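What follows is a single structure, written as structure tokens, with notes after it.
Nothing in this text is a laboratory measurement; each read-out follows from the coordinates by a stated rule. Remember, it's a predicted structure, so these values are computed and weren't measured experimentally. Virtual Cβ from ideal backbone geometry, glycine too; neighbours counted across all protein chains shown.
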Amino acid sequence: MAFNPEAATRAYIDGLGTDALAKSAAYTMDGHWMILWGLLVSALATFIIVRLKITDRVWAAMDKRGLALRTFLTGSVFFLVSAIITLPWSVWAEWGHERAYGRTQQPLADFLMQDAIGATIGIVGGGLFFMGIYALIRKTGKRWWLWSGGFSAVVVSVLLLLSPTLIEPLFNDYKPIPEGPVRDAVLEMARQVDIPADRIFIYDGSRQSNNFTANVSGIGSAARIAISDVALKQASLDEVRAVTGHEIGHYVLGHVWRSVLVLSGLAMLFFFLADRLFARFARAFGSQATEIGDPRGLPVFLFVLSFLGVFAVPVSNTLTRVGESEADAYSLQMVNLPDALAGALVKTAEYRYPRPHPVQEALFYTHPSVERRVRRAMEWKATNPATSPTTNTTP
């Protein structure tokens with residue numbers, strides 16, 4: 001009997017069971033709603049900060065300071081107060097919700113400690129970033145949004161360069177893959193595409209999440225492939241090869257640079273629209289700042305960007321889905337292990353409902369649906385017979 005990709009795909013997805021599929025659907029839908037709830041929480045925090053005149057008070061208190069320092073301190077205090085106001089939401093959205101669905105075993109104390117580290121980085125980094133934005137508004141006039149988009153591209157590039165060595169190690173422990181069959185297989189694949197052996201790591205992703213995952217981060221000489229210990233514990237050796245092939249695809253195809261380019265374009269568009277919308281939102285919140293170049297209006301400015309960001313979710317998600325499809329195709333071409341890739345993908349269906357409505361997928365999914373990705377792997381299998389036997393040994 002001829003191999004049937006549709007039947008094989010259905011078998012993979014149905015193999016999860018109705019209870020697991022229902023739980024995945026509920027978890028995924030909750031995540032969609034959190035986009036809206038997060039915006040409403042942001043609106044509430046903005047309203048409170050504006051009504052209490054937090055940024056106005058800081059700006060007035062620093063009137064004898066230099067303009068750059070005054071702007072930085074005003075922005076930093078805003079980010080600090082905002083983090084405190086939104087902390088209950090952050091705890092629920094990033095920890096409580098995950099805990100409720102069994103997606104994390106992280107103790108609350110550890111989560112709060114890491115959240116404090118992230119908040120500190122956000123307070124200092126946010127203050128510096130908007131200090132630069134307000135300087136560009138003052139110096140470049142009506143075209144400030146164009147210059148600010150370029151500035152954003154530079155900042156993102158610097159963060160990507162520094163993140164693997166300075167930021168990510170604050171949250172996880174990155175180590176070379178231990179000696180054994182997994183390391184041998186991964187390094188052999190890396191050598192095929194001239195990726196240095198010291199650019200592939202295992203990290204303790206289980207500290208924060210039970211999700212089966214891996215990622216590429218950094219740019220240039222700082223770029224690296226990192227595989228969560230969850231993936232290595234749950235995957236067969238062939239699944240490790242398939243997942244590594246996928247991540248090598250991201251690395252080789254330069255998806256990070258494409259993301260920087262697109263996100264920079266979005267930043268320019270957001271700044272352009274924020275310039276036109278700021279006054280209306282400022283009046284609605286009751287802010288004393290009437291012009292976008294006034295640092296006292298930072299809470300409103302940031303909310304306008306957040307508001308616009310919600311509408312850009314489908315655009316950024318489409319960009320990511322295209323990259324994920326390309327990385328899947330790269331893995332299939334590199335290692336020709338469609339069943340292993342399908343098996344690894346099905347493990348992600350626990351936290352990403354595999355059979356969404358097409359509209360739901362287009363609007364909210366950062367990855368193509370698992371069902372779609374598995375079907376493509378099975379279609380590949382139908383036209384590209386395996387060239388070597390696979391192994392099912394668990395690493």
With Cα atoms, 0 to 90° folded angle of helix 144-162 axis to the chain main axis:
50 degrees
Sorting check: for 324-334, 292-302, which peptide has the highest mean count of neighbouring beta carbons within 10 Å, and how do the rest follow?
292-302, 324-334
Return the whole-Å distance between the Cα centroid of region 303-357 and the Cα centroid of region 103-150.
26 Å
Estimated vicinal HN-Hα couplings, Hz - region 128-139 in sequence order (Karplus 6.51, -1.76, 1.60; Gly, Pro = x):
5, 4, 6, 4, x, 4, 5, 5, 5, 4, 5, 8
By how many degrees, 0 to 90 and rounded to 10, does the Cα axis of helix 181-192 deviate from the longest principal axis of the chain?
70 degrees
Give me the distance between the Cα centres of region 31-63 and region 69-86, rounded to whole Å.
10 Å
Most exposed to least, judged by fewest other Cβ atoms within 10 Å, H357, H246, H32, H367 sort to H357, H32, H367, H246
By the gyration tensor of its Cα atoms, with a ≥ b ≥ c the square roots of the eigenvalues, what is the shape of region 167-247: rounded for a/c under 1.5, prolate for a/b over b/c, or oblate?
oblate
When only C-alpha pairs under 8 Å and at least 6 residues apart count, what is the relative contact order of region 25-159, in percent?
26 percent
Give the relative contact order (percent, whole number) for the chain; include only Cα pairs under 8 Å separated by 6+ residues.
23 percent
Against the longest alpha carbon principal axis of the chain, how many degrees, from 0 to 90 and to the nearest 10, is the axis of helix 5-14 turned?
70 degrees
Volume per residue of the C-alpha convex hull in the chain, rounded to whole Å³:
146 Å³
What is the order of E291, E247, E179, fewest Cβ neighbours within 10 Å to most?
E179, E291, E247
Kindly provide the helix-only [θ] at 222 nm of the chain, computed as the sum of -39,500 (n - 2.57) over DSSP H runs of four or more divided by all residues, to the nearest 500 deg cm²/dmol?
-22500 deg cm²/dmol
